[in-house]
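See structure below.
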Amino acid sequence: MRRAGGWRSGRTPRQRRAFVVGGGLLGTAVVMLLAAWRSSGFLSDLLLNLGASVVLAAISYVIFDPLFEEARKARVQEHLSFDQEAFVARLDRCRRVRILDTWTILLDDQHRQATLDAIEAALRNGAEVNLLLLDPDCTAAQQRSEELERQGVDVPGHIRANLRHLMALRRKLGENERFQVRVYDASPSIQLYQWDGRSLISFFPVGKLSFNVPQLEVDMGSPLGGFVHARFEELWDHDQATVPLERYDRLAVTLGDESSDYLRAEMAYVEVDGEHYIDCERSRPNLSLTARVPMPPRTPGSTPRVFTLVEPADEERAPVTRRFDEKYGPARAERTILRLAPQ
């Protein structure tokens, strides 16, 4: 898949336009000067003066337009806070959308449907949409919750809700390589909301939501934009710290015994207090079977380990069921939850 970094290579549209406009003006000047050479009297003088002026205009445009462009790129606009409505309004017209955050306020109740509709519209128009959200089960998510403790913000809960809506959108869209969501396990350092060649960036202040602090609007071609671009790419391509949404969503479980395998399925799963639980949905496997599962589940190429299937204790059920509901939404039927116990 072609990565988003490709937009930085080669001549930019503005550079191409400068050459086209400059070349057009030079061509016009040449025509005028040739006409002046073939004419005489007042018409010859007029064409000669106009041709010389156009030549100067063309040269000035080619020389000074890149300088003005660099000055424009270096300009940073400061916004007092993140304007969700303005960002969502831009989405359906974009060719590239990238979001790097812990969780995104765009998928909270107030703006969720408008955001999802705008993402679908952008994808229909050929846009590339990439989202990077923090892994809700990682240490950094819990640390960020502790930083926001006074505001009563449950960071892992917000992230799980975001990912639940994005999983639903993924199922609705089907296979679409231009819509990619990944979760990362690293210390959050920069918040990025990019639309085409512009972006809003901010940082994560202690004790405050990053949406409610000043946002810097920058050109992605500027040094600051390049720095944020590099941070996004570094996380996106990090095999150990970042995984696709699909690996967060499901766990590959193989049920069998010592002689053969009976079933291989992608199952819903959660992690609570270091223990892993699977939802077998409406089928309850024989507890004498074993389960082969890659561990850690979100590490690429993890070696499968063998587990026994155990009924959760009564005191486990409530928190585990609540975690399943947070991750996948309320179940339509009773869940068949089993704990994976290492052999």
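Taking every protein chain into account, the 1.4 Å probe leaves His111 with about 20 Å² of accessible area, to the nearest ten.
For His165 and Glu217, the difference between the fully extended length at 0.36 nm per residue and the C-alpha to C-alpha distance is 16.0 nm. Relative to a virtual label point 7 Å from the Cα of Gln343 in the Cα→beta-carbon direction, which members of the range 293-311 show backbone nitrogen distances below 18 Å? It comes to 293-296, 303-311, nothing else.
For Thr321, Thr303, the ranking by accessible surface with the largest value first comes to Thr303, Thr321, using a 1.4 Å probe.
Here Met167 sits with roughly 10 square angstrom of accessible surface, probe radius 1.4 Å.
Extension gain for the segment Arg305 to Asp154, taken as residue separation times 0.36 nm less the Cα-Cα distance, is 51.1 nm to one decimal. Solvent exposure of the range 122-209, expressed per residue, is 42 Å² of accessible area, with all protein chains present and a 1.4 angstrom probe. Normalising by residue count, the range 198-321 has a Cα convex hull of 169 Å³ per residue. Under 5 Å from the amide H of Gln215 lie the amide H atoms of His79, Leu80, Ser81, each residue being 5 or more positions distant or on a separate chain, with H modelled from the backbone and absent for Pro and chain starts.
Annotation: Phe227 carries an accessible surface of approximately 120 Å², with a 1.4 Å probe and no ligand, DNA or RNA atoms counted.
The values are calculated or read from the model by the stated rules, or taken from the named source; none is laboratory data. Quick caveat, the model's predicted, so the values are computed rather than measured. With ideal geometry, Cβ positions are generated from the backbone for all residues, glycine too; neighbour counts draw on all protein chains shown. Areas reflect the complete protein model, heavy atoms only, side chains present, ligands, DNA and RNA absent. Shrake-Rupley method; radii C 1.70, N 1.55, O 1.52, S 1.80 Å.
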